[in-house]
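So the structure is just underneath, and the comments pick up after that.
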Amino acid sequence: MIDYELAHGDKSVFHLPGYDPSTKIQEILRMGNIISEKETPQDLLTRVINTLFLVENQFGTYLKDTKKMAEEFAEYMVEGYVMLGTPTLTNAGRYNTALSSCVIIPGDFHERTQETEERICSYYRQNMGSGFELQSYNDPVAMLTWINELSARETLTGNYNRYIGNIGILPISHPYIKEFIEIKRHKDMKHFNISIDVTEEFMRKAEEHMPFMLANGTTVEASVLLDLMAENAWHNGEPGLIFLERMNKDNPVASISRYIGTPPCAEMGLAEGETCHFGYINVSNFVRDRGNRVNIDFDKLKRVTELLTRVLDNAIEYSIPRYPTSVSMDISRMNRRIGIGVCGLADTFIAHELPYDSQEARNLAKEVLSFINYVSKCTSVVLAEQRGSCLAMNFPTANMYMSGHFIEDKYARHATRLVSSHDWELLANTIRKTGKLRNISTTTLPPTGRASILLDVAPSIEPMFSIFANDGYIYKSIKKFLNKKLHENWPLLEKVYQEATMSGSFQDIGILPASIRACLKTAKELEPLAHIQMVADTAGLQGVIDESASKTVNLPHEATVKDVRNILLTAFHLGLKNIALYRDQTRKDQPMHL
């Protein structure tokens, strides 16, 4: 075990910003089964850090260097700079399982036997979110129903620490597509998200009211199918749309391991059996308020990104021998995908006095995400020099890092103030010349649900869902912003907070200038285009990260089916790789504050 001490403050508690560590943190962790009844948050921190850094022994890292890195990363977690994915927090040092966040469960499930059920459950027991590719099944609705019933039955055993969440994806050309689109309107499928894998050809034909041929030769009206998707998404938020075709264009090893599905929130593509390990950077914690000027501490962000990249690669190494099948072991060795995401981006916009729907906010998001992407890839090259490259680098003709111009085409054209085109080109040349790269992809934008709650910030690249944080009080980032803008005029601030608490919004408080109210719009108060543009600029085809984004367009209850159809088409035109939406009050179990 690594014997480390936190370098400051109370060394007996895992204390995250915004919460009383003796109550709130333990409550959240225990409710999510991330810690057991006998564990404390400090126990969690100790077992996770020990598990991840003991891996360093395999690579001959000096003990003093390992201890130093372990202490540093523990401190970053304690101070709220970084958080690991829920499965890693749940499993590390507690169970002899992998630490991955998601997987496309491999196997042929045409025969519904005890053996096939056990294959699925072996992944469920590892607390992963699971994806299923359904193209090869004649009746994907029956298959989906069976897996959902299995998930519900397994849940009743009480043997799982994490909710069993799946995604079922069906190509738009499948003969059962109409039945699949409507399944969640007629059946209780609470363990599944469903999405349709649409192509650019289909979307163009739908827009132009042209016929579209299904895989069995049947011709249908493309616009009718799009209308059906829009109507059902309007009804209950599903299905979402996924462009696996677009995802594979950004997959540098598509000829080796083509994406066939995604995790439940569609933030990345995955090949059969492939998994990913997630870690999240709390961007808002790097904001430095220097009176009249607010900026981001990019030096600190660089160090946190470097260390998180290393930690996630350690998580892969730890996980490989613990996967339930050789399929996952082999594809993990091949690609070693990691997924560094962010949270607290909306809080960062507020600190910079930028409305979420402004081009300036999107530019800031691109700058931060591009920087994280670049640093993580530079770190991956260094790790490859120390530990060896992922096996995909042994296939230079089938790997766009080696045989093509993946980095130049995808990133050098989207230079930012901190990462120039020249920086990207130098990195690309280094990788081609040396063949050194440890991780085929390093960045994505998962939903960061539990992590953002622990850190008391907005999730992923989402706007604030509500002005109230999880503890029921107005977000601390909003209060800090208003206190500054209203010059700590306490009588005025008290009046503003009272009105906002009563209405749940700042938008009708007339004593606030319009410029302030514009910075405090919540998800439902933003136009749908604002949600779509944020994804397009950061994670679409013109984006600055490897993969995609889990992002929901939140709509008011009054939105129409036509509104939904227009959003789907807009997402297509702006180059998104996936799109999900939710109309307020269309599910009984929606979060109250939404």
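Whether a residue is under 23 Å from the mean Cα position of the chain (by Cα) and either of a type in the set (Ser, Thr, Tyr) or buried (at least 23 other Cβ atoms within 10 Å of the Cβ) (or both) was assessed, and Asn161 does not pass this test. The condition (being under 24 Å from the mean Cα position of the chain (by Cα) and modelled with pLDDT of 95 or more) is satisfied by just one residue among Thr416, Thr448, Thr434: Thr416. Contact map, the range 209-226: first residue in contact (Cβ under 8 Å) with a residue 60 or more places away in the chain, second residue assigned to a helix (DSSP H, G or I), Cβ cut-off under 7 Å, separation 6 or more or different chains; pairs are Leu226/Ala206; Leu226/Arg565; Leu226/Leu568. Any residue in the range 325-340 that is without any contact (Cβ under 8 Å) to a residue 60 or more places away in the chain, surrounded by 24 or more Cβ atoms within 10 Å (Cβ to Cβ) and not basic (Lys, Arg)? Among the residues of the range 325-340, at least one is without any contact (Cβ under 8 Å) to a residue 60 or more places away in the chain, surrounded by 24 or more Cβ atoms within 10 Å (Cβ to Cβ) and not basic (Lys, Arg), which makes the answer yes. Checked against the criterion of being farther than 29 Å from Thr88 by Cβ, hydrophobic (A, V, I, L, M, F, W, C) and part of a helix (DSSP H, G or I), the candidates Met402, Met329 yield just one match: Met402. Within the range 266-287, the residues that satisfy the criterion of being more than 15 Å from Ser100 (Cα to Cα) and either surrounded by fewer than 24 Cβ atoms within 10 Å (Cβ to Cβ) or not small (Gly, Ala, Ser) (or both) are Ile281, Asn282, Val283, Asn285, Phe286, Val287. Identify the residue in the range 512-554 that is among the basic types (Lys, Arg) and not in a loop (DSSP other than H, G, I, E, B) and, among all such residues, is modelled with the lowest pLDDT. That would be Lys524. Would you mind stating whether Lys588 is part of a loop (DSSP other than H, G, I, E, B), farther than 30 Å from Arg413 by Cα and modelled with pLDDT under 95? Answer is yes for this residue.
Does Leu214 meet the test of being buried (at least 18 other Cβ atoms within 10 Å of the Cβ) and either at pLDDT below 95 or in the same structural domain as Phe243 (by TED's automatic domain parsing) (or both)?
Spelling it out, it is not the case that Leu214 is buried (at least 18 other Cβ atoms within 10 Å of the Cβ) and either at pLDDT below 95 or in the same structural domain as Phe243 (by TED's automatic domain parsing) (or both).
Report, ordered by the first and then the second residue, all pairs with beta carbons closer than 8 Å, sequence separation of six or more or different chains, a first member in the range 24-45 that is closer than 21 Å to Val311 by Cβ, and a second member that is small (Gly, Ala, Ser) and crowded, with 17+ Cβ neighbours inside 10 Å. What qualifies is Leu45/Ala74. Among the residues examined, Ala222 does not qualify as over 19 Å from Ala549 (Cβ atoms), of a type outside the set (Ser, Thr, Tyr) and touching a His at 6+ places or on another chain (Cβ under 7 Å).
Here Lys436, Lys410 are screened, and the one residue that is under 22 Å from Ser548 (Cβ atoms) and charged (D, E, K, R) is Lys410. The residue that is surrounded by the fewest Cβ atoms within 10 Å (Cβ to Cβ), among those in the range 109-135 that are in contact with a helix residue (DSSP H, G or I) (Cβ under 8 Å, 6 or more places away or on another chain) and farther than 18 Å from Gly85 by Cβ, is Arg112. When the residues of the range 433-476 are filtered to those that are of a type in the set (Gly, Ala, Ser) and assigned to a loop (DSSP other than H, G, I, E, B), the one that is nearest to Ile338 (Cα to Cα) is Ser441.
In the set (1) in the same structural domain as Tyr176 (by TED's automatic domain parsing); (2) among the small types (Gly, Ala, Ser); (3) over 23 Å from Gly165 (Cα atoms), Gly237 fails one condition alone, (3).
In the range 358-409, which residues are exposed (fewer than 15 other Cβ atoms within 10 Å of the Cβ), farther than 27 Å from His531 by Cα and under 22 Å from the mean Cα position of the chain (by Cα)? Matches in the range 358-409: none. Considering the range 296-326, the residues that are outside any helix (DSSP H, G or I) and touching a helix residue (DSSP H, G or I) at 6+ places or on another chain (Cβ under 6 Å) include one that is nearest to Val381 (Cα to Cα), namely Asp297.
The values are calculated or read from the model by the stated rules, or taken from the named source; none is laboratory data. These numbers were taken from a predicted model, which means no experiment stands behind them. In this analysis, Cβ positions are derived from the backbone assuming ideal geometry, glycine residues included, and neighbour counts consider all displayed protein chains.
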